[in-house]
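To keep things clear, I will list the structure first and then write my remarks on it.
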Amino acid sequence: MYTTRDEPKLYPEARGVLEALKQKGVPMALASRTPTPDVARAFLRKLDLASGVFISQQLIPASSGFDHNSAQKDLRHFPAIQKETGIPYNKMLFYDDEDKNVHRVSKLGVTSVLVSTREGVSVNTLREGLQAYNEQAG
């Protein structure tokens, strides 16, 4: 289990992707199911991502670790993001490293992309998501 004393690291291309999207004025939200929201907030501060990057941060506590029945993204995170931002589901693009989340969130009408845990969000996964979004928007 991580603590606030640990030093987080981003995937190699993640900061560049986030900065490019921010520069273009693309609204971004963060959704995480975590047993330790305080640690997640500390990590965001350490990574200089705590403010000014995400228009919504949904750090919802998992009831007991990373169980798949608590704080499901389709039931808690995305309705909260939609309510807070006013952005309709069909205008959202979602990246996640859990296939179950990608499948469930896509049922809301959100374009959803599975991210490799080896690569993280990279220029390639950004491109893949944008292509899927354009195809879904038809």
Checklist entry - Among the residues of segment 82-118 satisfying the criterion of being touching an Asp or Glu at 6+ places or on another chain (Cβ under 8 Å) and farther than 16 Å from SER32 by Cα, which is most open to solvent (accessible area, probe 1.4 Å)? => result LYS107
Item to check | Check on ALA62, at pLDDT 90 or above, open to solvent by less than 50 Å² (accessible area, probe 1.4 Å), over 21 Å from GLU13 (Cβ atoms) and over 12 Å from the mean Cα position of the chain (by Cα) | outcome: no
Checklist entry - Which residues, taken from segment 12-47, are open to solvent by 90 Å² or more (accessible area, probe 1.4 Å) and either within 22 Å of GLY86 (Cα to Cα) or in contact with a Lys or Arg (Cβ under 9 Å, 6 or more places away or on another chain) (or both)? => result LYS22, GLN23, LYS24
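The values are calculated or read from the model by the stated rules, or taken from the named source; none is laboratory data. Since the structure is predicted, the reported quantities are computational estimates derived from the model, not experimental observations. In this analysis, Cβ positions are derived from the backbone assuming ideal geometry, glycine residues included, and neighbour counts consider all displayed protein chains. Quick note on the areas: whole protein, heavy atoms, side chains included, nothing else; ligands and nucleic acids left out. Shrake-Rupley method; radii C 1.70, N 1.55, O 1.52, S 1.80 Å.
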